[in-house]
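Scroll down for the structure; my scribbles are underneath it.
The values are calculated or read from the model by the stated rules, or taken from the named source; none is laboratory data. All of these numbers come straight from a predicted model, not from anything done at the bench. In this analysis, Cβ positions are derived from the backbone assuming ideal geometry, glycine residues included, and neighbour counts consider all displayed protein chains. Note: accessible area is taken over every heavy atom of the protein model, side chains too, but ligands, DNA and RNA are not part of it. Shrake-Rupley method; radii C 1.70, N 1.55, O 1.52, S 1.80 Å.
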Amino acid sequence: MKEITIDVLKDAANRLLFDMSEDEYQTLYDEFMVLKKQMETIGLIEGLDGYEPMTFPFDVHIDCMREDIPETPLGKQEALSNAGSTYQGQIKIAKVV
């Protein structure tokens, strides 16, 4: 992993087309160092490799969705019969500018 320095943060900001004051860069750098220490602390936990990564803190089951039953689609004339206005076999809508 690339070492985070204030110069790296300035380069990233430049590539993203924004700039910050020196104090803001220092604050951002300090926050990255806190995150780095937290990640190092987590890395010290024994047996951590034996667990599967978690994307959500608890299992989510969605039981409220209906069964997907394929049906015959509407025919062209039946679909056009519900349109307010048609032109040459297509639904006519207001011009969008």
Low-density loop chymotrypsin sites (Phe, Trp or Tyr not before Pro), region 14-76, at most 10 other Cβ within 10 Å, DSSP non-H/G/I/E/B, are Phe18, Tyr51, Phe58
Residue by residue through region 61-69, the couplings from Karplus 6.51 cos²θ - 1.76 cosθ + 1.60 with θ = phi - 60°, in Hz, x for Gly and Pro, are 10, 9, 10, 8, 7, 6, 5, 7, 10
With label points set 7 Å from each Cα along the Cα-to-Cβ direction at Thr27 and Ala83, the distance between them in nm comes to 5.6
Low-density loop GluC sites (Glu not before Pro), region 11-97, at most 14 other Cβ within 10 Å, DSSP non-H/G/I/E/B, are Glu46, Glu67, Glu71
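Kirkwood Rh and Cα-based Rg: tell me the resulting Rg over Rh for region 1-56, rounded to two decimals.
Taking Rg over the Kirkwood Rh, I get 1.13.
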For the chain, the charge dipole (Cβ of Lys, Arg +1; Cβ of Asp, Glu -1; about the Cα centre) points to a positive end, and the Cα of Leu80, Ile6, Thr27 closest to that extreme belongs to Leu80
Under a 1.4 Å probe, counting only protein heavy atoms, Met39 has an accessible area in Å², nearest 10, of 130
For the chain, the count of lysine pairs 8 or more apart or interchain whose alpha-carbon atoms are under 16 Å apart comes to 4
Expected field for Asp59, accessible surface area in Å² at 1.4 Å probe radius, rounded to 10, holds 130
Helix 6-15: inclination vs the chain longest Cα principal axis, degrees, rounded to 10, gives 20
Here the gain from full extension of Val60 to Glu3, 0.36 nm per residue of separation minus their alpha-carbon distance, amounts to 16.8 nm
Taking Cα pairs closer than 8 Å and at least 6 residues apart, the relative contact order of the chain in percent is 13
Helix 22-43: inclination vs the chain longest Cα principal axis, degrees, rounded to 10, gives 90
Heavy-atom accessible area of Ile91, protein chains in place, probe 1.4 angstrom, given in Å² to nearest 10, is 110
By the C-alpha gyration tensor axes a ≥ b ≥ c (rounded if a/c is under 1.5, else prolate when a/b exceeds b/c, else oblate), the shape of the chain is oblate
